[in-house]
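The values are calculated or read from the model by the stated rules, or taken from the named source; none is laboratory data. This structure is a prediction, so every number in the text was calculated from the model and none was measured. Cβ atoms come from the backbone with ideal geometry, glycine included; neighbour counts cover every protein chain shown. SASA here: full protein model, heavy atoms, side chains in, ligands and nucleic acids out. Shrake-Rupley method; radii C 1.70, N 1.55, O 1.52, S 1.80 Å.
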Amino acid sequence: MKNILILGAGTSGTMMANHLVKELDKNDWSITVVDQYQTHYYQPGFLFLPFDIYTTKQVKKKGKKFIPKGVNYIQEKIELILPKENKVKLASGTEINYDILIVATGTKTAPDEIEGMNGSGWYKNIFDFYTYEGAKALRNKLREWEGGKLVVHITEMPIKCPVAPLEFAFLADSYFKHKGMRDKVEITYVTPLDGAFTKPKATEALHYLLEKKNIKEVTNFNIERVDPENNKIIDYADVEVEYDLLVTVPTNMGDALIERSGLGDDLNYIPTHKATLQSKEHENIFAIGDATNLPASKAGSVAHFEAEILTDNILRYIKGEPLKEEFDGHSNCFIETGDGKALLIDFNYTHEPVEGSFPLPGIGPLKLLKENRINHMGKMAFRWVYWNMLLKGRQIPFVSATMSEKGKHYEEVK
Amino acid sequence: MKKIIANKEIDVNEEGYLTDFNQWDREVGECIAGDCDIKLTDRHWEVIDYLHDRHHKDEPLSIRGIKKSGVIDVKEFYNLFPGGPLKKATLIAGIPKPKSCI
Ligand SMILES: Cc1cc2nc3c(=O)[nH]c(=O)nc-3n(C[C@H](O)[C@H](O)[C@H](O)COP(=O)(O)OP(=O)(O)OC[C@H]3O[C@@H](n4cnc5c(N)ncnc54)[C@H](O)[C@@H]3O)c2cc1C
């Protein structure tokens, strides 16, 4: 009997368990998944929780429910990966041997990286919304907040779901409008990038929306520290931005487990072959989702595309065949723009998002880079798709793992 | 696109970044620095050497990387290359502008 061990039962780990159980012969392979938490969170819902659009119940479920029969599930913290011995050590001291290891431990916020962020203002007038705790605390704050300077801030790139902070700013605009207090709130969007998004085409479209919604932009802001006594953030060029309420996305880092095991880069991400998802250092270790260092968006939709390709490659690896170099960095995401509208973008390692439609070439119905109601419905439907199709590794209709260039107007990225 | 820098014809992109590192030399670097109102000192060159080293090893450049480099701290980096230090330093060093991660 041989062992496949999956570390992490988030979006990626759960999908891999569901794919592999269908493909592997039970008599030859045993599949085990380990995660520290009982709860599986629907992280995209953390964007909506602060605005009372989703309830806490809608964004969490018991993780075990999504692990298929025939897969061993262990709820425990992982202490160490020992690649030379093909072994993983859990917090209790239990050791698990593996023939193939899949690392799917994701990324998480690290507010300690910036002086003053995690200090006296934390969860008083400084919040994150990338964690369940943060999003919920922020919801309670917003319910009673009377207005002032709201600063939406990104600490450093890369972050998972890189558009989420922008969506937060758009939703805040519409939230305060509906509460009849938009005139009491000044919204500023502060980013280390030179524009609203990482890709120039989308940046133009998004910049237009920021202006339209009267949201100020501060770009190229590399934060040095937070001054919680005087309520301001300060960057290395000594630019200061004052806030009454700071909603920040702290540095995102891979789990400390990766660092302890000596497998990560500066941000604890695993150097991974970008087309095959095999780790660069060890041929029987694969990585997927937010835990990798791939230059693709860290998003559930990306992990979904990766899971199909990784499943194929694991089967090839088992048979001793060469791996398929297929992953092209395909990303797509809905961008919630407030007032019940959203836009959709689709891009990969080499192509920029431009106008077009998706997923049916030439027909739509979802419009890329155009704000409309249908995209908003798509974004809202994503929660259902996530719990009922995506985690279970079911094919999402019309969407393929590599990007289709039909019906879209692209520009090559140089 | 071609541009005359230090009396040499150099290939650059729309933003002025060199597209062929082989065309770069110290004189070219000094000339670009002059356009940015920066006079290169030994300290600047140490940083540029570090950037070249990272670039040739295919390692991505970031402010975090600078922080951990042991060559310079971020504050001094900003003082040497005022404005956008990574953007300016890579422009002068003749290497591509760091891609802001996705
Ligand atoms: C606010 C927000 C909005 C988002 N919006 C979208 C969106 O609209 N669309 C989209 O596609 N994506 C979105 N995402 C991103 C998406 O949620 C993630 O990219 C996705 O969940 C990544 O899956 P993963 O399995 O790689 O990591 P995760 O789902 O984070 O799973 C990692 C798992 O590993 C476990 N783990 C880590 N370390 C250890 C350890 N030492 N021991 C035991 N267990 C461990 C964790 O407990 C966790 O369960 C959003 C994310 C956020 C925060």
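At a glance:
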item	result
Count - residues of region A:292-327 that are within 21 Å of the chain's Cα centre (by Cα) and under 25 Å from residue A:25 (Cα atoms)	9
Some residue of region A:24-32 being within 14 Å of the ligand (Cβ to nearest atom) and modelled with pLDDT of 95 or more	yes
Test for residue A:247: is it open to solvent by less than 10 Å² (accessible area, probe 1.4 Å), in contact with a strand residue (DSSP E or B) (Cβ under 7 Å, 6 or more places away or on another chain), under 30 Å from residue A:147 (Cβ atoms) and within 14 Å of the ligand (Cβ to nearest atom)	yes
Number of positions in region B:68-102 that are basic (Lys, Arg) and facing chain A (nearest Cβ under 9 Å)	4
Region A:209-265, residues that are within 18 Å of residue A:134 (Cβ to Cβ) and more than 14 Å from chain B (Cβ to nearest Cβ)	A:226, A:228, A:233, A:243, A:244, A:245, A:246, A:247, A:248, A:255
Matching entry among A:163, A:190 (being in the same structural domain as residue A:236 (by TED's automatic domain parsing) and more than 15 Å from the ligand (Cβ to nearest atom))	A:190
Every residue from region A:280-294 that is open to solvent by 10 Å² or more (accessible area, probe 1.4 Å) and touching a Pro at 6+ places or on another chain (Cβ under 8 Å)	A:280, A:281, A:282, A:293
Qualifying residue in region A:72-84 (condition: among the β-branched types (Val, Ile, Thr), touching a residue at least 60 places away in the same chain (Cβ under 8 Å), away from the ligand (no atom under 15 Å from the Cβ) and open to solvent by less than 40 Å² (accessible area, probe 1.4 Å))	no
Qualifying helices (runs of 4 or more DSSP H) (wholly inside region B:28-102; at least 2 residues being β-branched (Val, Ile, Thr))	B:42-56, B:63-69, B:85-93
Filtered residues of region A:104-117 (kept if part of a strand (DSSP E or B), out of contact with any Gly (no Cβ under 7 Å at 6 or more places or on another chain) and either within 14 Å of chain B (Cβ to nearest Cβ) or more than 8 Å from the ligand (Cβ to nearest atom) (or both))	A:109, A:115
Sole exception among (1) farther than 30 Å from residue A:252 by Cα; (2) at the interface with chain A (Cβ under 10 Å from one of its Cβ atoms); (3) open to solvent by less than 10 Å² (accessible area, probe 1.4 Å) for residue B:65, by number	(1)
